[in-house]
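Here is the structure we will look at.
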Amino acid sequence: MKTKTLKKNKINVVTLGCSKNIYDSEVLLGQLKANNLEACHESSQEDFNIVVINTCGFIENAKQESIDTILQYVDAKQNGLVDKVYVTGCLSERYKPELEKEIPDVDAYFGTRDLPRLLKTLKADYKHELIGERILTTPSHFAYFKISEGCDRPCSFCAIPIMRGKHISTPIEELVKNAENLAKQGTKELLLIAQDSTYYGLDIYKERRLASLMNELSKVDGIEWIRLHYAFPSGFPEEILDVIAENEKICKYIDIPLQHISDPLLKSMKRGTTREKTYALLDQFRKKVPGIAIRTTLITGYPGETEQDHQQMIQFVKDVKFDRMGIFTYSHEENTGAYKLEDNVPMEVKQNRASELMEIQQGISYDLNQDKVGRTFKVLFDKAENGHFIGRTEYDSPEVDNEVLVDAKTNFVRIGDFANIKIESAQEFDLFGNVIE
Ligand code: SF4
């Protein structure tokens, strides 16, 4: 018979998946603190007796990682190291009945919009007055800033609308208040995130309002950088480009997952755009905002992808020379539009195509970085590691993009501060330089 640990009540929140899950975990931590409940995030100590796992249910690999993490803590519970294991987030939203049957040792499963019920189970009350207030799990000088929840797009490969529901924008006033709260805590950089950030406002204002939101956020004292993630190509509101070009606080950076470039696949994926329109849009980015850094994400091995489609993708990557690029191999997801298609590209081919594209990108990134040698950039420093202070330019987002490394023996910067760095040398994904006063 499993006995109760003798540990005092302390909740360890574990976050898997994307920046939106990080945001949700931070909101949960904020609510727990406001209820005077002791909590921590991904603690390596073993002083907690309750675990809340915020899962990801996006694609196969992510789902497997979530299941492994659940089993790890169920194991800890069976060994008397923790008393309670709770699971929330996308995997739980998507597969609750199956999980309850297959992993019954979890004390309870919650969906992605179940915070009040989860809090009640943790003997806490949901505090409405706290909306947007949260405990950052990132270094306090930057924060993921969720501007909306859910998605109305029909992309055939994507299970996110199943897990996150319909698109709901957060009103501008509330977002500005959240930004002011963060700025008071020392946050300087806001990373705007959503499932589709360019859709912002269409539900509550019946028009796209991302440009005015970005301008309003830039008026918040203390906020110095605003970075746009998860833009969507079709119906792209070009007024955003003017804001990025004219407003100093808006990073000359845009993350726009494009997924593919071949017309038959863009059609089957229900992306609402074409090869020609995609090239034209990227051209417009560079015309309207010279020097803008473009990050994208592509998928290889979507059902029916031919060698010719892949060759088009190779040419696309060579033509556009993205500043930053991520690749996913297609994952055949139940209840998505593409699930009725045959998943006919072998995993090996999916992976080979992904490696081929990343190899090309590595060369492009190397060349683009050589152009930065000898130039000076404003850098925000995130951490100190292995004898270096490590930061980012406005062209780099945390965790996924290039880093600037400064030797700590010959330079001094404060973490969370900006400094001007002259770039002395560069590799594929790293720049090396020194502080110049
Ligand atoms: S925009 Fe498309 S890919 Fe992105 S979350 Fe929505 S449905 Fe998924």
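Here the Karplus curve 6.51 cos²θ - 1.76 cosθ + 1.60, taken at θ = phi - 60°, turns the phi angles of region 120-126 into couplings of 4, 5, 8, 6, 10, 9, 6 Hz, with x standing for Gly and Pro.
Scanning the chain for cysteines with no neighbouring cysteine C-beta under 4.7 angstrom from their C-beta gives Cys18, Cys40, Cys56, Cys90, Cys151, Cys251. Loop-located trypsin sites (Lys or Arg not before Pro) in region 206-248 (DSSP state not H, G, I, E or B) with no more than 14 neighbouring Cβ atoms inside 10 Å: Lys206, Lys219. Only protein heavy atoms count here; under a 1.4 Å probe, Cys40 has an accessible surface of about 20 Å². Taking amide H as placed 1.01 Å from N in the peptide plane, the amide H of Ala408 sits under 5 Å from that of His388, Phe389, each at least 5 places away or on another chain.
Between the C-alpha center of region 62-83 and that of region 160-176 there is a gap of 30 Å.
At 1.4 Å probe size, with the rest of the protein present, what percent of the exposed accessible area of the chain is carbon and sulfur atoms?
Working: 9720 of 19320 Å².
Solvent-exposed carbon and sulfur of the chain make up 50 percent of the total.
Applying both filters, DSSP loop and at most 10 other Cβ atoms within 10 Å, to the GluC sites (Glu not before Pro) of region 274-367 gives Glu334, Glu342. The trypsin sites (Lys or Arg not before Pro) of region 51-91 include none that meets both conditions, a loop assignment by DSSP and at most 16 other Cβ atoms within 10 Å of the site Cβ.
Quick check for you: with a 1.4 Å probe and neighbouring chains kept, what is the accessible area per residue of region 157-277, in Å²?
Working: 4580 Å² over 121 residues.
Each residue of region 157-277 exposes 38 Å² on average to a 1.4 Å probe.
The relative contact order of the chain, computed from alpha carbon pairs under 8 Å that lie at least 6 residues apart in sequence, is 10 percent.
Protein heavy-atom accessible surface, 1.4 Å probe, per residue over region 301-437: 50 Å².
Under 5 Å from the amide H of Ser425 lie the amide H atoms of Phe432, each residue being 5 or more positions distant or on a separate chain, with H modelled from the backbone and absent for Pro and chain starts. For Gly326, the amide hydrogen comes within under 5 Å of the amide hydrogens of Thr296, Thr297, Leu298, counting only partners 5 or more places away or on other chains and with H modelled in the peptide plane.
Working note: Karplus 6.51/-1.76/1.60 with θ = phi - 60° gives region 357-372 the couplings 5, 5, 5, 4, 5, 4, x, 5, 4, 4, 4, 4, 6, 4, 5, 8 Hz, where Gly and Pro are set to x.
So how much slack lies between Asp203 and Asp407, counting 0.36 nm per residue of separation and subtracting their Cα-Cα distance, in nm? Intermediate values should be presented prior to the final figure.
Working: separation 204, 0.36 × 204 = 73.44 nm, distance 4.85 nm.
Separation in residues times 0.36 nm, less the Cα-Cα distance, equals 68.6 nm.
For the chain, the mean residue ellipticity at 222 nm estimated from helices alone is -10500 deg cm²/dmol, where every DSSP H run of n ≥ 4 contributes -39500 (n - 2.57) and the total is divided by all residues, rounded to the nearest 500.
The charge dipole of the chain, taken about its Cα centre with unit charges on the Cβ atoms of Lys, Arg (+1), Asp and Glu (-1) only, comes to about 960 debye. Counting Lys and Arg as +1 and Asp and Glu as -1 over every other residue whose Cβ lies under 13 Å from the Cβ of Thr329, the net charge comes to -4.
Relative intensity of the chain on a log10 scale, I(q)/I(0) at q = 0.08, 0.09 Å⁻¹, equals -0.49, -0.62, per a Debye sum over C-alpha point scatterers of equal strength in the absence of solvent.
Computed from phi, the 3J(HN,Hα) profile of region 18-35 under the Karplus parametrisation 6.51, -1.76, 1.60 (θ = phi - 60°) reads 8, 5, 6, 5, 4, 4, 5, 5, 5, 5, 4, 4, x, 5, 5, 5, 5, 9 Hz, with x in place of Gly and Pro.
The values are calculated or read from the model by the stated rules, or taken from the named source; none is laboratory data. Values in this document were obtained by computation on a predicted structure and should not be read as measured data. Reconstructed Cβ throughout: ideal geometry from the backbone, glycine too, with neighbour counts over all protein chains shown. Quick note on the areas: whole protein, heavy atoms, side chains included, nothing else; ligands and nucleic acids left out. Shrake-Rupley method; radii C 1.70, N 1.55, O 1.52, S 1.80 Å.
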